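Written out below as structure tokens is the structure these notes cover.
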Amino acid sequence: MSFYRGMTCENVTLTGDDGTKITAYVARPAGPGPFPGVVLIHHLPGWSELYIETTRRFAHHGYLAICANLYEREGGSDANPDDVAAKVRAEGGIADAQMVGDTAAAVKWMRAQPDNNGKVGLIGSCSGGRHAFIYACQKHDVDAVVELWGGGVVMAKEELNAKKPTAPIDMTKDLAAPLLGLFGNDDRAPSPEQVNQHEAELKKHGKAHEFHRYDGAGHGFFYWHRPLYRPEQAMDGWNKIWAFFGKYLAK
Amino acid sequence: MCTSIIEVTRAEGMAKRGDQWFPLSQAVVAYDHARHAPLGDVITLDFLNTALGADARAGIELTLETAKELRAALDRAIAAADFEEAEVRGKGAVPRLVQAA
């Protein structure tokens, strides 16, 4: 096999939360497999090109990867993801419960693939990092979870609402998969203090985790198309992800 | 930054996207990381009509500094507009403004 693995990509339809049909982008490495699976949870800017590219990045590294459009209900899969994300923002985001239902559909899809090796990892950034953590606390069907600078894991009581009824940090005792967390020390949401609180709760409950905090980086330091991008920290972070998933998703 | 700083307000009027105008239903003001402008955190303004679909949107991303300048300009223009309105309608204005007009 050549160093650069081929892949095939397609959109599939999942039956998401409440039976709603949602679209998901799949990237499948060339070859017979079996492949470890990765489910990506997109960030607040939506089912964006960055997430589609990142889905392919996982396939390039030998993972069968899927990224569901969690904003499908707000504009379908044909609308400009940017406009859909603005609509979601105007509506106060999506409900945590709906996200869990949609992500469960992506995990189920992954586990049903004959070329999946039986292992499934979960990764998300920004709101998706928060979502990935919530999912791994509520559903016990993933083998490893990566949270990239999840904002709003620590929430004040007055921030809770019908869509976000429980602060994720209060779900820590139910976390059922090893967690890798990457954070920028210049970030304000989550702030370094909130990251410390998050980690203290993990330690309190004896949860397997590794947190890495980067100086000179703020929020979204993987986003190569944004001024927030920090190449050195991002590449180190990616290596942490490959090592972590390599350890927990190998058969 | 992944903030929950967001304000949603009613908007009556129209906005332009491309070469099309569409009627508005709401305006959304937020402070979060920029999606397009080559900036970090920005004030975003979205003028929307959610009844027309996600693409009925005119979006703006501004630095905090220029957003403050815009706010000041809006305040000045609105104060002047209120003055004009008071003059034309001849009622509802404070006496000082009526005399000045």
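Throughout, read-outs are computed from the coordinates displayed, never taken from laboratory work. From a predicted model like this one, the values you see are computed outputs, not experimental measurements. When we count neighbours, we look across all protein chains shown, and the Cβ atoms used for this are built from the backbone with ideal geometry, even at glycine.
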task = Quantify how strongly other chains surround peptide B:55-65 by giving the mean number of their Cβ atoms within 10 Å of each of its Cβ atoms.
result = 2
note = Residues other than A:F183 with Cβ under 14 Å of its Cβ, Lys/Arg counted +1 and Asp/Glu -1, net out at -3
task = Read phi for every residue in the stretch A:136-145 and hand back ³J(HN,Hα) as whole Hz from Karplus 6.51 cos²θ - 1.76 cosθ + 1.60, θ = phi - 60°, with x for Gly and Pro.
result = 5, 7, 8, 10, 10, 10, 10, 9, 6, 9
inquiry  = Using Cβ contacts closer than 10 Å as the measure, can you line up A:V12, A:V84 from fewest to most?
reply    = A:V12, A:V84
request  = Return the single residue from A:G62, A:G150, A:G124 with maximal mean-square fluctuation; model: Gaussian network over chain A, springs between Cα atoms under 10 Å.
outcome  = A:G62
note = The distance between the Cα centres of the stretch A:76-95 and the stretch A:178-213, in whole Å, is 28 Å
Value of relative contact order over the stretch B:5-91, rounded to a whole percent, pairs C-alpha under 8 Å and six or more apart = 20 percent
task = Kindly list the residues of the stretch A:53-72 that lie in the label zone of A:N117, defined by a backbone N under 15 Å from the point 7 Å along the Cα-to-C-beta vector.
result = A:58-65
key: Those lysines that a straight Cα-Cα span of less than 27 Å connects to A:K164, excepting residues fewer than 8 apart in one chain   = A:K21, A:K87, A:K108, A:K139, A:K173, A:K203, A:K204, A:K207
remark   = Long-range amide H partners of B:I5, meaning residues 5 or more apart or on another chain whose placed amide H is closer than 5 Å, are B:Y31
Fewest-first ranking of A:D187, A:D102, A:D170, B:D55, using other Cβ atoms within 10 Å as the exposure measure = A:D170, B:D55, A:D187, A:D102
remark   = Expected integer from the mean partner chain Cβ neighbour count at 10 Å over B:30-42 is 5
ask   = Expressed as a whole number of Å, what is the distance separating the alpha-carbon centroids of the stretch A:133-157 and the stretch A:117-132?
value = 8 Å
message = Explain nothing, just compute: Karplus ³J(HN,Hα) = 6.51 cos²θ - 1.76 cosθ + 1.60, θ = phi - 60°, for every residue of the stretch A:63-71 in order, whole Hz, x for Gly and Pro.
response = 10, 7, 10, 9, 9, 7, 7, 6, 9
query = What relative contact order, as a whole-number percentage, does the stretch A:124-251 give when Cα pairs under 8 Å and 6 or more residues apart are counted?
reply = 23 percent
note = Ranked output for segments A:153-162, A:86-95, A:192-201 by mean other Cβ atoms within 10 Å, highest leading, reads A:86-95, A:192-201, A:153-162
key: Footprinting exposure proxy for A:T15, A:T103 (fewest neighbouring C-beta atoms within 10 Å first)   = A:T15, A:T103
request  = With runs of 4+ DSSP H residues as the only contributors, calculate the mean residue ellipticity of the protein assembly as shown at 222 nm using -39,500 (n - 2.57) per run, divided by the residue total and rounded to the nearest 500.
outcome  = -10500 deg cm²/dmol
